[in-house]
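The structure under discussion appears below in the form of C-alpha cells.
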Amino acid sequence: MISASSTIQIVKALGEEPAFKAGDRVRISVRYPVGHYRVPIYIRGKQGIIEKILEPAAVNNEEEGFGRNAGLKGWYYRVAVPLTELWPGYDGAPHDRLVIEIFETWLERI
Amino acid sequence: MTTHDHDHDHPKIIDEPMPGYYEIMETAVRELLVEKKLISPGEIRRQIEVLDSRTTALGAKVVARAWVDPEFRARLLANGRAACEEFGISFYDDTQLIVLENTDKVHNLIVCTLCSCYPRPVLGLPPDWYKAKPYRARAVKEPRKVLAEFGTEIPDDVEIRVSDSTATVRYLVLPQRPAGTKDFTEEQLAALVTRDAMIGVVKVNLEQGIAV
C-alpha cells in the first residue's frame, strides 16, 4: 500500500487551490483586454462577496477567447453584488442582488 | 413564369429578405469546415436533432419530481447536472447546472447579458425575448419592472436574485409549488410548470397549466 504519510508535505502549485473562499469581499477588476472573456462591462470595478467556489476548475476564459481550450485552468466564483452597488439610484428593494460567475484573475481582495 | 390567375384571398407572399452579414458568415464558415473535413453535414444535422429533442417538458419533469421527492430535491440543489442525469437528461456540452430554489424570501431570475446562455440540455432553445437586448439589459438593471411586465409582482420583503449566466454554469429556477396541489400526481404537477417559471419571470400557478 502506498499512501501519503503525514510526514510528507505536498506543496500545491499556485492556482491549484482557490484563492478566495465564500464570504470574502472582492472587487472586480477594471481591465480591457482584447478578446471575449465573459466579464460584462457593467460589473467591472464593482464590489461584491464570494458566494460560492464553482467546481471543477475551468479553462482561463481569456485564453479560451483565442481558441486555446486546453492547459491553464483556474477557478470561477459566484460573486454576489447588491443591485444598489451596481446602479446608483436603484429603486427596488435594498436587498435585491445580482449573482454572477467571475474568473479568479478578475478578482481583487478588499 | 408561373401562372397567377386565382383570386387573391391570401396575403401577398413575400420572398425571404436577402441573408444578413452574419448569416452569410455562418454559411461561409460552415461550408469551409465541411470542405476541410473538420465536421460533416451529418454531424450538424445530428446536433440540431439533439437540440430539438430538448424541450421544456424535461425541465418540468425535474421540477415536479423535486416537489414530490425531498431526497431528489436535495440532490438537485446540490448538483443540478448529476440530478438531471438521473432522468437520462445528458449534458452534451461542458456546462454545469445550478438549480436556484425560490422560497418565501427569495425570487430568482435568470439572464445572460452577454449572449444567450441558457440551460438548453434541460429546456431546449431559449425564447426570442430571452436573447433580445431589452430583456438582457433590463433584467439586471430593473428586474422588478421587467417582472411586472410579465405580470409578476414580487413583494418588497422578498429578495430578487438575478443570476447573470456568463461562463461555464447554466441555471434553472426551481419554482415554488403552488398551494392547492396537495392531491396532484407528479404528472399533473409537471403540467403546471412552464418554461417562463423555470427562467423565473413568472411563478407557477394553477391557471397556467392544463391541470386546472
**Prompt:** For the residue pair A:Asp91 and A:Leu72, what label-to-label distance in nm results when each label sits 7 Å from Cα along the Cα-to-beta-carbon direction?
**Reply:** 4.5 nm
**Request:** Note down the Stokes-Einstein diffusion coefficient of region B:74-150 in µm²/s, whole number, using a Kirkwood radius over alpha carbon pairs, 20 °C, and 1.002 mPa s.
**Result:** 153 µm²/s
**Request:** With a bin width of 5 angstrom, please list the P(r) values of chain B as percents of all Cα-Cα pairs, from the 0 bin to the one holding the largest distance.
**Result:** 1, 6, 12, 15, 16, 14, 10, 8, 7, 5, 3, 1, 1, 0
**Prompt:** Which cross-chain or sequence-distant (5 or more) residues have an amide H under 5 Å from the amide H of A:Lys46, H modelled 1.01 Å from N in plane?
**Reply:** A:Ile28
**Item:** Pairs of lysines in chain B (C-alpha under 29 Å apart; 8 or more residues apart or interchain)
**Value:** 19
**Request:** First measure r as the distance between the Cβ atoms of B:Glu43 and B:Asp156, then evaluate 1/(1 + (r/R0)^6) with R0 = 51 Å and state the FRET efficiency to the nearest 0.05.
**Result:** 0.50
**Request:** Just need the relative contact order of region B:57-150 here, percent rounded to a whole number, with Cα pairs under 8 Å and 6+ apart.
**Result:** 21 percent
**Item:** Extension gain, B:Phe87 back to B:Glu71 (0.36 nm per residue minus Cα-Cα distance, nm)
**Value:** 4.3 nm
**Message:** Quick query: amide H of B:Leu97 versus all other amide H atoms, modeled in the peptide plane; which residues come in under 5 Å with a sequence gap of 5 or more or a different chain?
**Reply:** B:Gly80, B:Arg81, B:Arg170
**Complete:** Taking the alpha-carbon centre of each part, the distance from region A:59-78 to region B:127-188 in Å is 29 Å
**Prompt:** So which trypsin sites (Lys or Arg not before Pro) in region B:58-113 pass both tests, a DSSP loop state and at most 11 other Cβ atoms within 10 Å of the Cβ?
**Reply:** B:Lys105
**Cys residues of chain B counted as unpaired, since no other Cys beta-carbon is under 4.7 Å** = B:Cys84, B:Cys115
**Message:** Could you derive backbone 3J(HN,Hα) for region B:195-206 from the dihedral phi with the Karplus parameters 6.51, -1.76 and 1.60 (θ = phi - 60°), listing whole Hz in sequence and x where the residue is Gly or Pro?
**Reply:** 3, 4, 5, 7, 8, x, 7, 9, 8, 7, 9, 5
**Message:** Using the Karplus curve 6.51 cos²θ - 1.76 cosθ + 1.60 with θ = phi - 60°, what ³J(HN,Hα) values do you get for each residue of region B:92-105, in whole Hz, with x for Gly and Pro?
**Reply:** 7, 10, 8, 7, 9, 10, 10, 9, 9, 8, 7, 9, 5, 10
**Item:** Taking all pairs of distinct alpha-carbon atoms in the protein assembly as shown, Kirkwood radius in angstrom
**Value:** 22.4 Å
**Asked** How large is the helix-only mean residue ellipticity at 222 nm for chain B, computed as the sum of -39500 (n - 2.57) over DSSP H runs with n ≥ 4, divided by its residue count, in deg cm²/dmol to the nearest 500?
**Response** -11500 deg cm²/dmol
**Message:** Along each principal axis of its Cα atoms, how long is chain A end to end? Whole angstroms, biggest number first, please.
**Reply:** 63, 33, 20
**Request:** Determine ³J(HN,Hα), in whole Hz, for all residues of region B:63-76 in sequence, where each value follows from phi through the Karplus function 6.51 cos²θ - 1.76 cosθ + 1.60 and θ = phi - 60°; x replaces Gly and Pro.
**Result:** 5, 4, 4, 4, 6, 9, 10, x, 5, 5, 4, 5, 5, 5
**Prompt:** Net charge near B:Glu101, counting Lys/Arg +1 and Asp/Glu -1 over other residues with Cβ under 12 Å of its Cβ?
**Reply:** +3
**Asked** Picking from B:Pro178, B:Ser40, B:Asn108, whose Cα lies most toward the positive end of the charge dipole for chain B (charges on Cβ: Lys, Arg +1; Asp, Glu -1)?
**Response** B:Asn108
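The numbers here are math on the coordinates, done by the rules we state, and not lab data. Just so you know, these numbers come straight off a predicted model, no measurement behind them. Every residue, glycine as well, gets a Cβ built from its backbone with ideal geometry; the counts of neighbours run over all protein chains shown.
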